[in-house]
Amino acid sequence: MLPPKWVPPIPSPYVHHTLTLPSALPNTASTNIPALLHLSMVPLLPNPLPDALPMPTDEPYTVRKTEDRGYAMFANRPIPRGALIKLEHPIYILPALPLDEPSSYERLGEGIEDGDYAEMLTMANCRSKEECPSIIEGVARTNALTLGFHFPLGADSDHHLSKPLARQYGGVFLKINRCNHACGPNASYKWSLPTLTARLYALRSIAPNEEITINYTDLLQPRSDRLRNLEKYYKFACDCKWCTFTDPEAQEKSDAARAFLGTYLNTHPSYRKWSMDICLPDTFVIESHLSAIQLIEKEGLDALLPLFLDEILRCYAELGDEDQFRVYAERTRQLVAVADPELATELASYLEDPIGNFPKWGARRMFRENQAKQQRRAVEEEIEDFFMDSLFGPPISSSNKRPSLANSTCVSTQG
Ligand SMILES: C[S@@+](CC[C@H](N)C(=O)[O-])C[C@H]1O[C@@H](n2cnc3c(N)ncnc32)[C@H](O)[C@@H]1O
């Protein structure tokens, strides 16, 4: 009998790394972040690695245990919209794709520093032992925030990277992951690869003792779909105010508003088009966005605001309306300070000197003023023609130019 065919084991495409971030302060330890990465990602990592964050002091939040939703994060003072709430390194990084070898998760766990490991054990883990035998995987599948890595174009030829989810990685964060979910969250986060940090920031003003929440699912889905996904992936029934309307009509309206905003995101009139199309009314984009903003605010979907506020401020700039421009530019600048610092800097320069720094400042207003001048001139010319016709009769031929009204006195006196 032939011996059974020997199949060589497929080697894991992932490699264990320890990202050691040096301390910026003398006599303090460096920070180690264990990571399981595909080889193609190594060139994407910052080189040299950034400094470790210093120990945080006087933070605007407190994490405490609740009766019905495990630990949660609460504001311990007023937090203004757009403000940074927490800046944090992940305690481990791992691929979204499940690993063939469960021992890889354990090895990842071994790299976590002792104090962090103990705190990690208190984090929510909504996966059963059957689903995720490793606690490291269970905690990650309950908590991990998606970390964006931009793979180079050539990476497409890599067989592994062509698999669905192969480009997605997650990071587990001891504090930011204490944020529970709401369907109209008051906070969001932004991952920064160069600093290997996530920044949690306020989407709107947060009052002292208010819970700080983020979003775990697509908020433009109707309530029933949101509830289904949250139950399936995070094992809880959302009881936020957008999921618990007592009036069924209010629930329908909320679902309809979210569906409308989903469509509006892809079809809304845009500042760019408006800026090129002088036939569109001057307030076309502004009025349309202002009605969408009312819905956004009602549904607590503040993460959508900067896109529309930014277009409104640009419209006001082209209309040369400095007061309104300042209102919208300042609001947008605050909102994007953490999420989009480049835009915040651009807006700060416009706010410093709108007329000098905004490239098309007042362009539409000037066009309208010229247009009005030309129209007035045309009307004047028409009146002039009418007046001249009544004095001299219509011109006989095109070459026979009628004297203009400007020298009509002269003509009449000669006559
Ligand atoms: C990322 S963790 C959030 C922090 C968690 N509460 C803890 O104790 O560490 C996600 C888990 O928190 C709980 N959770 C999050 N949002 C919730 C909500 N709105 N209502 C009830 N439980 C929630 C669920 O158990 C979920 O699986």
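The values are calculated or read from the model by the stated rules, or taken from the named source; none is laboratory data. Predicted model, so just to flag it, every value in this text is computed and none were measured. FYI the Cβ positions are ideal-geometry reconstructions off the backbone, even for glycines, and counts take in every protein chain you see.
Given the structure, is residue 140 within 12 Å of the ligand (Cβ to nearest atom) and either in contact (Cβ under 8 Å) with a residue 24 or more places away in the chain or surrounded by fewer than 18 Cβ atoms within 10 Å (Cβ to Cβ) (or both)?
So residue 140 passes the test.
Which number in (1) within 16 Å of the ligand (Cβ to nearest atom); (2) assigned to a helix (DSSP H, G or I); (3) among the β-branched types (Val, Ile, Thr) marks the one condition that residue 285 misses?
It fails just one condition, (1).
On the given criteria, is residue 146 of a type outside the set (A, V, I, L, M, F, W, C), at pLDDT 90 or above and part of a strand (DSSP E or B)?
yes
Taking into account only those residues within region 190-215 that are buried (at least 20 other Cβ atoms within 10 Å of the Cβ) and touching a helix residue (DSSP H, G or I) at 6+ places or on another chain (Cβ under 6 Å), which is nearest to residue 118 (Cα to Cα)?
The selected residue is 198.
Quick one: would you say residue 345 is modelled with pLDDT under 90 and in a helix (DSSP H, G or I)?
No; evaluated as a whole, the condition is false for this residue.
Can you tell me which residue among 62, 57, 66 is out of contact with any Leu (no Cβ under 6 Å at 6 or more places or on another chain), away from the ligand (no atom under 16 Å from the Cβ) and of a type in the set (S, T, N, Q)?
Step by step, each of 62, 57, 66 is checked, and only 57 is out of contact with any Leu (no Cβ under 6 Å at 6 or more places or on another chain), away from the ligand (no atom under 16 Å from the Cβ) and of a type in the set (S, T, N, Q).
Which residue out of 92, 105, 71, 117 is at pLDDT below 95 and either among the hydroxyl-bearing types (Ser, Thr, Tyr) or within 16 Å of the ligand (Cβ to nearest atom) (or both)?
105 is the lone residue from the list that is at pLDDT below 95 and either among the hydroxyl-bearing types (Ser, Thr, Tyr) or within 16 Å of the ligand (Cβ to nearest atom) (or both).
Mind telling me which of the residues 69, 81 ends up being basic (Lys, Arg), touching a residue at least 24 places away in the same chain (Cβ under 8 Å) and buried (at least 17 other Cβ atoms within 10 Å of the Cβ)?
After applying the criteria, what remains is 81.
Check off (1) touching a Leu at 6+ places or on another chain (Cβ under 9 Å); (2) assigned by TED's automatic domain parsing to the domain that holds residue 304 for residue 342 and give me the number that stays unchecked.
With (1) touching a Leu at 6+ places or on another chain (Cβ under 9 Å); (2) assigned by TED's automatic domain parsing to the domain that holds residue 304 applied to residue 342, the lone miss is (1).
Which of (1) of a type in the set (A, V, I, L, M, F, W, C); (2) in contact with a Lys or Arg (Cβ under 9 Å, 6 or more places away or on another chain); (3) away from the ligand (no atom under 15 Å from the Cβ) is the odd one out, the single condition residue 165 does not satisfy?
Failed condition: (2).
Go through region 211-250 and count every residue that is within 14 Å of the ligand (Cβ to nearest atom) and among the acidic types (Asp, Glu).
3
Of the residues 48, 102, 98, which is without any contact (Cβ under 8 Å) to a residue 60 or more places away in the chain and touching a Ser or Thr at 6+ places or on another chain (Cβ under 6 Å)?
Result: 102 is the single residue among 48, 102, 98 that is without any contact (Cβ under 8 Å) to a residue 60 or more places away in the chain and touching a Ser or Thr at 6+ places or on another chain (Cβ under 6 Å).
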